[in-house]
């Protein structure tokens with residue numbers, strides 16, 4: 001199911017609405033004020049767009065029920081909105097994401113003194129579903145690379161894209177936003193900007209470096225961005241996502257979800273299987289807490305434990 005959406009209002013338009021409208025406690029205007037506040041606080045465009053969709057969906061629901069101002073909102077109204085999402089087929093994880101976005105909006109209303117307390121304080125968030133994400137198998141990866149073993153421009157780009165996702169575990173937005181100047185082949189690193197515009201450095205292995213160099217040498221343009229379309233135009237984040245999905249479908253990958261996030265999960269699992277630890281994996285993935293990183297270990301199973309135990313058996317290592 002698609003998320004609720006409001007018209008994509010520009011920040012200039014939002015500011016003009018604030019300047020030319022009287023002080024108002026109506027929910028739709030407060031949402032505009034809130035989005036401007038998010039921009040001023042330095043939140044990313046993606047985060048603000050998410051708030052616009054999710055909080056905007058809730059505001060639209062309230063206005064349809066003729067609830068125009070924050071004091072008119074009570075816990076029952078919020079529950080009714082969350083229930084409407086469930087009835088429309090949203091998963092518990094999606095409903096939980098709406099809950100958190102609405103909670104953030106009401107916290108802002110309290111901080112800005114539009115209301116004295118939040119109607120969310122007695123509500124419990126929807127329980128998150130614990131889904132096990134299937135990583136790509138080694139055979140999946142071989143098929144993806146075999147499809148892009150030629151030396152034409154598109155094959156070189158796709159091979160570099162696949163290996164970079166697989167080698168670094170970067171998020172879709174991080175990979176899409178890389179500029180050529182962010183790559184340091186001497187240091188074997190790439191500088192990326194993660195969630196909340198946080199900068200971090202990731203390493204790229206020898207094979208990935210080789211694929212990136214071959215791709216870059218096939219280019220003859222002045223675009224600063226790393227990724228180009230087949231027509232040699234800048235490739236958008238949506239374009240990168242669609243390219244990865246198409247490659248997965250062409251490779252007949254059916255047991256793993258076709259998309260960039262499965263590459264991130266596969267990178268994390270293989271990093272651990274190859275001897276990496278959770279703490280450095282946390283840094284590589286750009287997670288703020290170790291708990292977030294541990295979600296990626298859910299597909300590690302008995303075979304992984306047996307393999308590691310052969311190396312670290314407490315008794316065998318006593319050398320009795």
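The values are calculated or read from the model by the stated rules, or taken from the named source; none is laboratory data. Note that the structure is predicted; figures quoted are calculated from it, not measured. Heads up, the Cβs are rebuilt from the backbone with ideal geometry, glycines too, and the neighbour counts pull from every protein chain shown.
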Practice task
Within segment 39-55, work out how many residues are part of a helix (DSSP H, G or I) and surrounded by fewer than 21 Cβ atoms within 10 Å (Cβ to Cβ).
Solution key: 10
Handout entry: Selected residue (only one of 168, 151, 116 is in the same structural domain as residue 211 (by TED's automatic domain parsing), exposed (fewer than 15 other Cβ atoms within 10 Å of the Cβ) and out of contact with any helix residue (DSSP H, G or I) (no Cβ under 6 Å at 6 or more places or on another chain))
Key = 151
Problem - Residue count for segment 228-240, restricted to those that are in contact with a helix residue (DSSP H, G or I) (Cβ under 6 Å, 6 or more places away or on another chain) and within 15 Å of residue 178 (Cα to Cα) - result: 2
Practice task
With respect to residue 130, determine if the residue is outside the structural domain of residue 27 (by TED's automatic domain parsing), surrounded by fewer than 10 Cβ atoms within 10 Å (Cβ to Cβ) and on the phi < 0 side of the Ramachandran plot.
Solution key: yes
Handout entry: Yes/no for residue 190 being part of a strand (DSSP E or B) and crowded, with 22+ Cβ neighbours inside 10 Å
Key = yes
Problem - Hits in segment 166-187 (condition: over 23 Å from residue 266 (Cα atoms) and either at pLDDT below 90 or part of a helix (DSSP H, G or I) (or both)) - result: 180, 181, 182
Fill in the blank from the handout: For segment 291-320, pairs from a residue that is modelled with pLDDT under 70 to a residue that is surrounded by fewer than 11 Cβ atoms within 10 Å (Cβ to Cβ) and assigned to a loop (DSSP other than H, G, I, E, B), with Cβ under 7 Å and 6 or more apart or across chains, are 298/132; 299/132
Exercise for the section: Evaluate segment 114-126: report whether one residue or more is over 20 Å from the mean Cα position of the chain (by Cα), outside any loop (DSSP other than H, G, I, E, B), free of Cβ contacts under 8 Å to residues at least 24 places away in the same chain and more than 26 Å from residue 202 (Cβ to Cβ). Expected result: no
Exercise for the section: Report yes if some residue within segment 72-80 is surrounded by 17 or more Cβ atoms within 10 Å (Cβ to Cβ), more than 28 Å from residue 195 (Cβ to Cβ) and out of contact with any helix residue (DSSP H, G or I) (no Cβ under 6 Å at 6 or more places or on another chain); otherwise report no. Expected result: yes
Problem - Residue in segment 141-165 that is nearest to residue 232 (Cα to Cα), counting only those that are outside any loop (DSSP other than H, G, I, E, B) and without any contact (Cβ under 8 Å) to a residue 24 or more places away in the chain - result: 155
Practice task
Would you check if residue 214 is surrounded by fewer than 17 Cβ atoms within 10 Å (Cβ to Cβ), outside any loop (DSSP other than H, G, I, E, B), at pLDDT 85 or above and in contact with a helix residue (DSSP H, G or I) (Cβ under 7 Å, 6 or more places away or on another chain)?
Solution key: yes
